[in-house]
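Single-structure report; data block below.
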Amino acid sequence: MSAQPSLRQVLAADVGARDARGLSLLPRLGTVRGMSSLLFRLAQRVGPRNAALGHLLKTLLHVLTGADVAWQARVGPGLALMHPTGVVIGPDVVIGADCKIQQGVTLGAGTARGLVRDGRVDSPVIGDGVSIGSGAKVIGPVDIGDGVRIGANAVVVKDVPAGSVAVGVPAVVRAPRGSAT
């Protein structure tokens, strides 16, 4: 089993080590995007050892950025909360590496937290390299494959295979542009 990456490594993956203007990591943590990443990652590290402090950091994240991200969510490095206001990520959600999430996105259980159906918790599992557009909802025990793009305001309640595009209410899965159908 590989060692857990350091907080600095995860933050650098989340907000980028440098931006186009050449700003290093520290100034980037002062942005709303950087602050949301810093507070979530701190809560994620502290919460398992001290749940009260984890919840306090989560509340601070919510108050300062408008994002409601449970510290219990399992999130890989490279999470980009592009505009964190209105983002809700439930405690049983799993998100892979290098995912981009726009404002107003909800990722969560379709019913009560922790409910297990068919041997699975009732929350989404998001693959690596997924991009989720503004206002999209991914609800219930769905699998979102690697490299999926979910359009703005889509409501996803069924699995989406890797490399696909999901759009609409309810979401319809389409092949990406330029691919053979």
*Take the residues in the range 89-120 that are out of contact with any Leu (no Cβ under 7 Å at 6 or more places or on another chain), within 15 Å of I150 (Cβ to Cβ) and in a strand (DSSP E or B), then tell me which one is modelled with the lowest pLDDT.*
G108
*Show the residue pairs that are 6+ apart or on different chains and have beta-carbon atoms under 6 Å apart, the first residue being within the range 130-142 and free of Cβ contacts under 8 Å to residues at least 24 places away in the same chain, the second being buried (at least 18 other Cβ atoms within 10 Å of the Cβ) and of a type outside the set (A, V, I, L, M).*
V142/P124
*Set S134, S123: member being closer than 27 Å to A13 by Cβ, at pLDDT below 95 and in a loop (DSSP other than H, G, I, E, B)*: S123
*Check off (1) buried (at least 20 other Cβ atoms within 10 Å of the Cβ); (2) assigned to a loop (DSSP other than H, G, I, E, B) for N153 and give me the number that stays unchecked.*
(1)
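Being in contact with a Ser or Thr (Cβ under 6 Å, 6 or more places away or on another chain), more than 16 Å from I150 (Cβ to Cβ) and either part of a loop (DSSP other than H, G, I, E, B) or small (G, A, S) (or both) narrows it down to one of P48, P77, P84, so name that one. First the steps, then the outcome.
Working: P48 fails: in contact with a Ser or Thr (Cβ under 6 Å, 6 or more places away or on another chain); P77 fails: in contact with a Ser or Thr (Cβ under 6 Å, 6 or more places away or on another chain).
Answer to the selection: P84.
Keeping to the range 123-139, report how many residues are of a type outside the set (A, V, I, L, M), closer than 11 Å to L107 by Cα and buried (at least 18 other Cβ atoms within 10 Å of the Cβ).
If we filter the range 123-139 for residues that are of a type outside the set (A, V, I, L, M), which is where we start, we get 123-124, 127-129, 131, 133-135, 137.
Restricting the remaining residues to those that are closer than 11 Å to L107 by Cα gives 123-124, 135, 137.
Those left that are additionally buried (at least 18 other Cβ atoms within 10 Å of the Cβ): 123-124, 137.
Summing the residues that are of a type outside the set (A, V, I, L, M), closer than 11 Å to L107 by Cα and buried (at least 18 other Cβ atoms within 10 Å of the Cβ) in the range 123-139 gives 3.
The values are calculated or read from the model by the stated rules, or taken from the named source; none is laboratory data. Keep in mind the model is a prediction, meaning the values are calculated, not measured. Ideal geometry is used to build each Cβ from the backbone, glycine not excepted, and the neighbour counts take in all protein chains shown.
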